[in-house]
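Worksheet for the structure shown next.
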Amino acid sequence: MPKTTTDRFVAAFNAHDEKALNELHADDIKFNAPGGFKATNAKDATAFAMTWLKAFPDGKMKVRSEITSGPWVVQEILMEGTHTAPLESPTGIIAPTYKKVVGYGVQLLRVENGKIAEARIYFDQLDQMKQLGLIPTPATV
């Protein structure tokens, strides 16, 4: 059942369990995320998750809604965490801002043989950067 695998993924993410995350990613996963990130193996897909979890040590994911169809699970997620460690980004390292971030996103996960074989993640990078104080908020008139 794909949902069993994705439930285990969310639990492993929230527990910051790198070993469990790696075991849930297929060896030949096709993984895409904002900023042009692509992974084609479990190690790199897990490293992406761990980059976020290291930068946001209190980071948690909550599934707000979910649709399962065949091998696919689509999840609307809420991510929360406080940026207290360096964050590796496509443009370089972002020093800790000590700001709390609350953001919504979507992940499309295809499960095969109890592992995530394909993952596509979408979230509002601009909103995240604003919350971190890295982009000024527009002045109001």
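If the cut-off is a Cα-Cα distance under 19 Å, which lysines reach residue 43, setting aside same-chain residues fewer than 8 apart in sequence?
Straight-line reach from residue 43, under 19 Å: 19, 30, 54, 115.
Under 15 Å from the Cα of residue 3, which aspartates and glutamates turn up, not counting those fewer than eight places away in the same chain?
Those aspartates and glutamates meeting the cut-off are 66, 76, 112, 118.
With only alpha-carbon atoms in the gyration tensor, what are the semi-axes of the equivalent ellipsoid for the chain, in Å, largest first?
On the way: eigenvalues 142, 52, 37 Å².
Ellipsoid half-lengths, sorted descending, are 27, 16, 14 Å.
What do you get for the angle between helix 42-55 and the principal long axis of the chain? Use alpha-carbon atoms, 0 to 90 degrees, nearest ten.
30
If you take every DSSP beta bridge fully contained in the chain, what fraction is antiparallel? Give it as a percent rounded to 5. Provide the component values of the computation, followed by the final result.
On the way: 34 of 38 bridges.
Percent antiparallel among DSSP bridges in the chain is about 90.
Over the chain, what percent of the accessible surface lies on carbon and sulfur atoms, probe 1.4 Å? Could the numbers behind the result be given before it?
On the way: 4500 of 7960 Å².
Looking at the chain in its full context, I get 56 percent from C and S.
So what is the relative contact order of the chain, in percent, for Cα pairs below 8 Å that sit 6 or more residues apart? Present the calculation step by step, with values, prior to reporting the outcome.
Working: 286 pairs, mean separation 33.2, N = 141.
It rounds to 24 percent for the chain.
Ignoring ligands, DNA and RNA, what accessible area per residue does the chain give at 1.4 Å, in Å²?
Working: 7960 Å² over 141 residues.
For the chain, the per-residue accessible area is 56 Å².
The values are calculated or read from the model by the stated rules, or taken from the named source; none is laboratory data. Note that the coordinates shown come from a computational prediction; the quantities given were computed from them, not determined experimentally. Side chains included, ligands, DNA and RNA excluded: accessible areas come from the protein's heavy atoms. Shrake-Rupley method; radii C 1.70, N 1.55, O 1.52, S 1.80 Å.
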